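A quick write-up on the structure given underneath.
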Amino acid sequence: MADLDKIFKAYDIRGVVPAELDEEVARAVGAAFVRVTGAHAVVTAHDMRASSGPLAAAFADGATAQGADVIQAGLGSTDMLYYASGSLDLPGVMFTASHNPAKYNGMKLCRAGARPVGSDSGLAEIRALVEHGVPETAASPGTVSERDLLGGYAEHLKTLVDLSAMRTLKVAVDAGNGMAGATVPRVFEGLPLELVPMYFELDGTFPNHEANPIEPANLRDLQAKVRETGADIGLAFDGDADRCFVVDERGEIVSPSTLTALIAVRELAKEPGATIIHNLITSRAVPEIVREHGGEPVRTRVGHSFIKATMAETGAVFGGEHSAHFYFRDFWFADSGMLAALHVLAALGETSGPLSELLAGYSRYPASGEINSEVSDQGAATEAVRAVFAGRPGVSLDGLDGLTVTAEDWWFNLRPSNTEPLLRLNVEGADEQTMTTVRDEVLALVRADR
């Protein structure tokens with residue numbers, strides 16, 4: 001059996017295939033998942049990586065050996081899997097490594113109704129069963145069937161956003177050879193959109209660029225295409241299409257915090273006084289704007305299982321992360337990059353001006369974006385930063401998720417990746433000079449041992 005410490009993360013399972021994650025592990029996880037959830041049936045979907053289909057099939061073997069039926073939705077996005085789990089009221093598993101390079105794969109698990117499975121909500125129990133072996137106790141095995149859910153997913157999303165007042169928009173979309181290449185055409189069908197497709201061919205080797213749009217280099221082709229074609233907007237999705245990044249009509253990258261504020265205002269217009277979740281690396285502008293529009297902002301740590309749990313506890317109508325995960329109460333509290341994209345398209349389509357003009361009021365402070373540093377010891381590097389800033393006057397520290405250091409006119413968060421040997425830094429300042437000064441000081445400390 002593989003080293004489970006390497007692949008069981010805070011809120012999913014992920015590792016290099018087959019060295020760390022293989023079909024034997026997937027089969028064991030299938031059996032353990034059924035035991036922990038008590039499921040009589042499970043729905044699965046998978047992305048376009050070559051290993052995803054075989055891993056899904058092995059998982060089905062393990063699940064059916066425990067007497068559960070498996071409904072295979074086949075190729076799909078992660079939010080399509082959440083739709084399946086919510087609409088069918090079944091536990092679900094998505095086979096994907098999201099934005100990770102081609103050598104990786106993984107599993108995102110949820111209970112019925114797309115409720116999260118994380119380290120404190122079932123994943124630890126699944127890991128323990130996998131480690132010790134799951135006995136086959138079913139009197140008779142379950143069955144495996146296939147079901148096409150893409151059409152239902154596309155139509156459901158369009159019931160959640162009012163698209164009736166949209167003007168015609170030219171939209172450039174970079175699917176990154178990921179699952180958006182399959183989902184975008186179905187969702188956009190029938191809408192007043194002129195689609196400019198880029199890299200829609202499903203290819204888990206990612207021949208054009210990594211399907212990780214949080215890295216600015218992976219947005220360059222989209223930026224160029226928007227300028228070249230005169231598109232009104234550019235959209236970029238990650239490999240499993242659960243995150244969406246936006247480029248405006250000038251080819252400038254839009255901060256996910258700006259989109260969080262925009263969508264929050266739209267949701268508050270429908271439900272005044274509602275709670276809005278934002279994670280601790282979103283811009284200060286987000287809670288400010290939420291309060292200005294009568295909403296109640298609630299801060300939480302990074303990660304979908306934590307966001308979803310907090311949303312369920314508070315009844316929040318919407319939640320946004322600076323990593324471009326956007327969560328919706330009316331979508332079973334799950335995240336959907338496609339639903340976020342529809343909100344932005346609807347907002348833009350209801351105006352006569354450009355996207356940059358629409359978003360100007362939602363962006364207030366210069367930010368660094370997420371900067372990754374590979375380090376040999378995440379804990380030691382974080383403590384080195386803590387030691388430098390702890391004694392400074394007017395500075396506060398908290399450890400909700402990694403290290404957050406806050407002053408009157410700047411803040412930064414430094415936290416370890418759950419999937420790679422990286423520290424992730426986000427910095428925001430009252431002005432560009434303040435932000436860059438803090439950014440450079442923290443990076444020098446983090447990278448001192450390299």
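A few points about this structure:
- Cross-link pairs exceeding 25 Å in C-alpha to C-alpha distance, out of Lys158/Lys308; Lys9/Lys103; Lys170/Lys308; Lys6/Lys103, comprise Lys170/Lys308.
- Cβ crowding within 10 Å averaged over residues, with 22-31, 431-440 ranked highest first: 22-31, 431-440
- Treating each Cα of segment 217-359 as an identical point scatterer and summing with the Debye formula, the log10 of I(q)/I(0) at q = 0.18 Å⁻¹ comes to -0.98.
- Portion, in percent, of the accessible area of the chain that falls on carbon or sulfur, probe 1.4 Å: 48
- Environment charge at Thr314 (Cβ cut-off 12 Å; Lys +1, Arg +1, Asp -1, Glu -1): +1
- Cα-derived Rg to Rh of segment 1-91, Kirkwood definition: 0.94
- Taking the Cα centre of segment 1-152 as reference, the dipole from Cβ charges on Lys and Arg (+1) and Asp and Glu (-1) amounts to some 260 debye.
- Sequence-separation-based contact order of segment 12-78, relative, with Cα cut under 8 Å and 6+ spacing, percent: 40
- Cα gyration tensor shape of segment 76-154, rounded if a/c is under 1.5, else prolate or oblate by comparing a/b with b/c: oblate
- Accessible surface, per residue, of the chain when the full set of protein chains is kept, probe 1.4 Å, Å²: 37
- D (Stokes-Einstein, µm²/s), Kirkwood Cα radius, the chain, 0.890 mPa s at 25 °C: 110
- Length added when fully stretched, Ser352-Leu160, from 0.36 nm per residue minus Cα-Cα: 66.8 nm
- Dipole magnitude of the chain about its Cα centre (Cβ charges: Lys, Arg +1; Asp, Glu -1), debye to nearest 20: 380
- Net +/- balance of residues flanking Ala102 in space, Cβ distance below 12 Å, scoring K and R +1, D and E -1: -1
- Basic side chains Lys and Arg get +1 at the Cβ, acidic Asp and Glu get -1 at the Cβ, and with that the dipole of segment 222-365 about its Cα centre reaches some 300 debye.
The values are calculated or read from the model by the stated rules, or taken from the named source; none is laboratory data. Since we're looking at a predicted model, the values are computed, not measured. Neighbour counts are summed over all protein chains in view; Cβ atoms, including those assigned to glycine, are modelled from backbone coordinates with ideal geometry. These area figures cover heavy atoms from the full protein model, side chains too; ligands, DNA and RNA do not enter into them. Shrake-Rupley method; radii C 1.70, N 1.55, O 1.52, S 1.80 Å.
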